[in-house]
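As structure tokens, the structure follows; a few thoughts come after it.
The values are calculated or read from the model by the stated rules, or taken from the named source; none is laboratory data. Owing to the predicted nature of the structure, the values given are computational and were not obtained by experimental measurement. Cβ: placed from backbone, ideal geometry, glycine included. Neighbour counts: every protein chain shown.
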Amino acid sequence: MSIRIYYDQINYRINKAREIRRFLEKVIRDEHKIPGDLVFIITDDETILTINREFLKHDYYTDVIAFDKSESGLVSGEVFISIDTVRKNARQYKCRLQEEVVRVMIHGVLHLCGYRDGSAEERKKMIKVQEDKLAQIREAIL
């Protein structure tokens, strides 16, 4: 089991990464699942757009894309995060960049735990859990 964070040729580094990785493990355990191998790749808009087009057949920028490799309650996968879009979101929602990065990390983990956001009802439920989790770690990361 490990949670790793990679930076794909960007000028950004997460503060308190060790604490955030531990918290993400807790998020998984709170969902009654077991943390497996998770990889977060923080990249740029163009890379996310390429991934979105190639693998999901979507032609737009997004903040996070999760590829689920989970099996039998063991949560594993890859989560790609666009620092460019996350930075724009942080400005729009008037929050710190670090908080928005952690928000999308939690969002990606929740997808790997089985949450979906395709419908309004699913999205509402997922965002509620996401924001509750973010509130638990907010003071520790700022």
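Structure above, values below:
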item: Matching entry among 85, 62 (being buried (at least 18 other Cβ atoms within 10 Å of the Cβ), touching a helix residue (DSSP H, G or I) at 6+ places or on another chain (Cβ under 9 Å) and hydroxyl-bearing (Ser, Thr, Tyr)); result: 85
item: Test for residue 139: is it part of a helix (DSSP H, G or I), modelled with pLDDT of 95 or more and of a type outside the set (S, T, N, Q); result: no
item: Residue that is nearest to residue 103 (Cα to Cα) [pool: residues in region 1-59 that are crowded, with 19+ Cβ neighbours inside 10 Å and in contact with a Pro (Cβ under 8 Å, 6 or more places away or on another chain)]; result: 24
item: Of all residues in region 65-82 being more than 12 Å from residue 39 (Cα to Cα) and polar (S, T, N, Q), the one that is surrounded by the fewest Cβ atoms within 10 Å (Cβ to Cβ); result: 72
item: Failed item in (1) touching a helix residue (DSSP H, G or I) at 6+ places or on another chain (Cβ under 7 Å); (2) free of Cβ contacts under 8 Å to residues at least 40 places away in the same chain; (3) under 16 Å from residue 21 (Cα atoms), with residue 115 passing the rest; result: (3)
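The rows are residues; the columns are (1) in contact with an Asp or Glu (Cβ under 8 Å, 6 or more places away or on another chain); (2) surrounded by 15 or more Cβ atoms within 10 Å (Cβ to Cβ); (3) modelled with pLDDT under 95.
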{"position": "89", "(1), (2), (3)": "yes, yes, no"}
{"position": "94", "(1), (2), (3)": "no, no, no"}
{"position": "105", "(1), (2), (3)": "no, yes, no"}
{"position": "114", "(1), (2), (3)": "yes, no, no"}
